[in-house]
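Engineer: I have a structure here, written as C-alpha cells, and I will follow up with some questions on it.
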Amino acid sequence: MSEEKDALPTGYQLSAMDPVYRECPWEKLKPLREADPVHKDEQLNRYFLTRGREVSELIKNRKLNADPKKANPGSFSQTLYGNNSKELSILMMDDPEHGRLRGLVLQAFNQRAVNAMLPKIEKIANELADDIEAEQDEFDFIQLFGSPLPTTVMAELLGINAADRRDFRRWSLGCMQALNPFRSEEQTALYEESTTVLADYLAREVDKRRDNPGDDLISGLAGAEEEGEKATTEELVLLIRLLLIAGNSTTTDMISSGVVQFLKNPEQLEKLKADPSLIENALDEILRIEPPVAQVLRSAHEDMEVADKQVKAGDTLHMSLFGVHFDPEMNAQPEAFDITREKINHFAFGGGAHYCLGAALGKAQGRIALPMLFERFPNLAFAPDKKPQHKIAPAFNGYGEIWLVK
C-alpha cells in the first residue's frame with residue numbers, strides 16, 4: 001500500500017467520534033474519495049463508500065440486506081445494530097416482511113394525512129414561536145423549537161390525548177437513545193424505562209382504537225389491511241415507536257441545520273425572503289449539505305464487485321451521505337450552500353425500497369417553520385461566544401444546542 005493510502009483516514013476517524021470529522025467531514029472525505037472511494041476499513045470491518053457513482057446504484061439495489069442480523073459476525077452492521085434490529089422495526093427489515101408492513105403504513109401515513117395536518121403544523125409552529133418571544137433574549141433554539149415541533153406534531157397526528165402529551169414527549173425523547181450505540185448508563189436506564197412505559201401506553205391505545213377508531217394515525221394503522229392481513233399490536237407499537245425515534249430526531253436536525261445554514265449564509269436568507277418559492281429548493285439544499293442521517297448501511301446479499309473491491313456476501317457496505325453529497329460529480333461546488341442550485345442530488349431520505357416514510361411530513365414542517373421563524377424574528381443571530389457544535393451521534397448528524405439571540 002502506498003504512503004498516500006497509509007495516510008488516509010479510517011476507522012473511528014470516519015465517524016462522529018472524531019471531532020474534525022464531526023464538524024467538517026468533507027475535509028477527510030475528499031482525499032479518501034479521490035484515492036480510495038470504496039475503502040476497506042479494517043478497524044471497523046466495513047467498506048466505506050464515498051463516491052456517488054457507486055452509491056447511486058447500490059442505494060436502489062433491493063437485493064442488498066437491510067437486516068443487520070444477516071451481516072457477517074463482527075461486521076460493522078452487526079456490531080452496531082445486530083442486537084437492536086427488532087427495536088428499529090421496518091427500518092431494518094427485508095422483504096417480504098418489510099413490504100407487508102410498509103404497505104400497511106402507507107395506507108394510513110400518506111400525503112393526504114400530511115396535507116390534513118398542515119393547519120395544525122402551522123398552529124403548533126406559531127405557538128412555539130410565541131414561547132420564543134416570551135423567553136429571554138438568549139435561548140437554545142433546539143430546546144424551545146427544534147425538538148418540540150416534531151414531537152408535538154407527531155402527538156397530534158397519532159391522536160395522543162392532550163393530558164398525556166407531557167409524558168409522551170418525555171418518553172419519546174428517551175426512546176431516541178435507541179439510535180445511540182454509545183449511550184451512558186444513565187442514558188441506557190432512560191431508554192429502557194421510556195421504551196417499556198411507552199410500549200405499554202401505545203399497546204393500550206392501539207387496542208382501544210381497533211374497536212373505536214378515530215380520525216388519527218393510530219386508528220388508521222390499526223385498521224389497515226395488506227392482502228387481508230392486519231398488523232399485530234406488537235408490530236404497530238414498534239412501527240409507531242420508530243416514527244417517533246427516527247422521524248422526530250431527523251426533523252429536529254433538518255430544521256435546526258437550516259437555521260444554522262441561513263445564519264451562516266445571510267445572502268441565501270435574503271434570496272429566500274425575496275422569493276419564498278425557493279423554500280422547496282432550500283430544504284433539499286439543507287438536506288444535501290447537512291443530512292440528518294449520515295449513512296445508509298446494507299450488507300452484500302452475495303459476493304460482488306464494487307469499483308475495484310471484491311466484496312463478500314455478508315460484508316457491510318457503509319454508504320457515506322456526506323461523501324456522496326459533497327462529490328463534485330454529484331453536485332458542483334459542493335461545499336457552497338446555494339438554495340438556487342439548479343439540480344440538487346442527495347440521498348437524505350435513503351432510496352429504493354427503504355425511501356423514508358416520513359419524508360413528506362418532515363419537509364412540510366420545514367416548509368412552514370423556517371420562513372415563519374425568519375419573518376417573526378428578523379434579527380435572529382448566533383449568541384456571542386456560543387458557536388453551534390454538532391452532537392456526537394454515530395450514524396446521525398445534527399446539533400446538540402444552538403444558542404441564538406432575537
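Engineer: Please enumerate, by chain and number, the aspartates and glutamates with C-alpha under 18 Å from the C-alpha of Lys69, excluding those fewer than 8 residues away in the same chain.
Structural biologist: Glu87, Asp94, Asp95, Glu97, Glu302, Asp303, Asp315
Engineer: Given Cβ point charges of +1 (Lys, Arg) and -1 (Asp, Glu) and nothing else, what value in debye, to the nearest 20, does the dipole of the chain about its Cα centre take?
Structural biologist: Working: 47 positive and 66 negative charges, 88 e Å.
Around 420 debye, computed over the chain.
Engineer: If you project the alpha carbons of segment 104-249 onto the principal axes, what extent comes out on each, in Å, largest first?
Structural biologist: Over segment 104-249, Cα extents along the principal axes are 56, 40, 25 Å.
Engineer: Also, quick follow-up: Order these by the 10 Å Cβ neighbour count, fewest first: Arg102, Arg210, Arg33.
Structural biologist: Ranked by crowding around the Cβ, least crowded first: Arg210, Arg102, Arg33.
Engineer: Points 7 angstrom from Cα along the Cβ direction at Glu97 and Lys120: gap in nanometres?
Structural biologist: Placing both labels 7 Å along Cα→Cβ, they lie 3.0 nm apart.
Engineer: Another one. At a Förster radius of 35 Å, what calculated FRET efficiency corresponds to the Cβ-Cβ distance of Ala381 and Ala162, to the nearest 0.05? It would help to have the intermediate numbers written out before the result.
Structural biologist: Working: r = 35 Å, r/R0 = 0.99.
FRET efficiency, Ala381 to Ala162: 0.50.
Engineer: Which ordering of Phe48, Phe347 is given by a fewest-first count of other beta-carbon atoms within 10 Å? Write out the running numbers ahead of the final one.
Structural biologist: Working: Phe48 26, Phe347 23.
Ordered from fewest to most neighbouring Cβ atoms within 10 Å, Phe48, Phe347 come out as Phe347, Phe48.
Engineer: Round to the nearest 0.05 the FRET efficiency obtained for Arg183 and Cys24 when R0 = 22 Å and r is the Cβ-Cβ distance. Present the calculation step by step, with values, prior to reporting the outcome.
Structural biologist: On the way: r = 25 Å, r/R0 = 1.15.
Using R0 = 22 Å, I get an efficiency of 0.30.
Engineer: In what sequence do Thr10, Thr340 fall when counting other Cβ within 10 Å, fewest first? Working shown, then result.
Structural biologist: Values: Thr10 18, Thr340 12.
Taking fewest neighbouring Cβ atoms as first place, the list is Thr340, Thr10.
Engineer: Label Glu270 and Gln136 with points 7 Å out from Cα along Cα→Cβ: what is the distance between them in nm?
Structural biologist: Taking the two extended label points, one gets 3.3 nm.
Engineer: How much length is gained if the chain between Asp200 and Glu401 is pulled fully straight, taking 0.36 nm per residue apart and subtracting their Cα-Cα distance, in nm to one decimal?
Structural biologist: Numbers: separation 201, 0.36 × 201 = 72.36 nm, distance 3.14 nm.
Extra length from Asp200 to Glu401 when fully extended: 69.2 nm.
Engineer: Shifting gears a bit: Taking 0.36 nm per intervening residue step and subtracting the Cα-Cα distance, what contour gain separates Gln333 from Ser277 on full extension? The partial results should precede the final answer.
Structural biologist: Values: separation 56, 0.36 × 56 = 20.16 nm, distance 2.30 nm.
Length gained, Gln333 through Ser277: 17.9 nm.
Engineer: Quick check for me: using +1 on Lys/Arg Cβ and -1 on Asp/Glu Cβ, what's the dipole size of segment 206-269 about its Cα centre, in debye to the nearest 20? Mind showing how you got there, number by number?
Structural biologist: Working: 6 positive and 12 negative charges, 77 e Å.
Its charge dipole is roughly 360 debye.
Engineer: In segment 3-405, with Lys and Arg counted as +1 and Asp and Glu as -1 at Cβ, which of these residues, Gly362, Ala231, Leu44, has the Cα nearest the positive end of the dipole, that is, farthest along it?
Structural biologist: Ala231
Engineer: Measure up Lys30/Lys309; Lys40/Lys391; Lys63/Lys312 against 23 Å on the Cα-Cα distance and list the ones that go over. Present the calculation step by step, with values, prior to reporting the outcome.
Structural biologist: Working: Lys30/Lys309 19 Å; Lys40/Lys391 26 Å; Lys63/Lys312 14 Å.
As for pairs spanning more than 23 Å Cα to Cα, those are Lys40/Lys391.
Engineer: Further question on the same structure: Tell me, in nm to one decimal, what length is gained between Thr232 and Arg62 on full extension, where the rule is 0.36 nm per residue of separation less the Cα-Cα distance? Provide the component values of the computation, followed by the final result.
Structural biologist: Values: separation 170, 0.36 × 170 = 61.20 nm, distance 2.54 nm.
Value of the extension gain: 58.7 nm.
Engineer: Further question on the same structure: Enumerate the lysines that Lys120 could reach by cross-link, defined here as Cα to Cα under 27 Å, with residues fewer than 8 away along the same chain left out.
Structural biologist: Partners found: Lys208, Lys273, Lys363, Lys406.
Engineer: Using packing as a proxy for protection, rank 385-398, 262-275, 244-257 so that the peptide with the highest average count of other Cβ atoms within 10 Å comes first. Each step should come with its number before you reach the end.
Structural biologist: On the way: 385-398: 16.9, 262-275: 15.1, 244-257: 25.2.
Ranked by mean Cβ neighbours within 10 Å, highest first: 244-257, 385-398, 262-275.
Engineer: Sticking with this structure for a sec: For segment 215-292 and segment 159-179, what is the separation of their C-alpha centers, rounded to whole Å?
Structural biologist: Cα centres, segment 215-292 to segment 159-179: 17 Å.
Every number here is computed from the coordinates shown, using simple stated rules; none is lab data. Just so it is clear, the model here is predicted, and its values are computed rather than measured. Because the Cβ atoms are built from the backbone with ideal geometry, glycine has one as well, and the counts that use them run over all protein chains shown.
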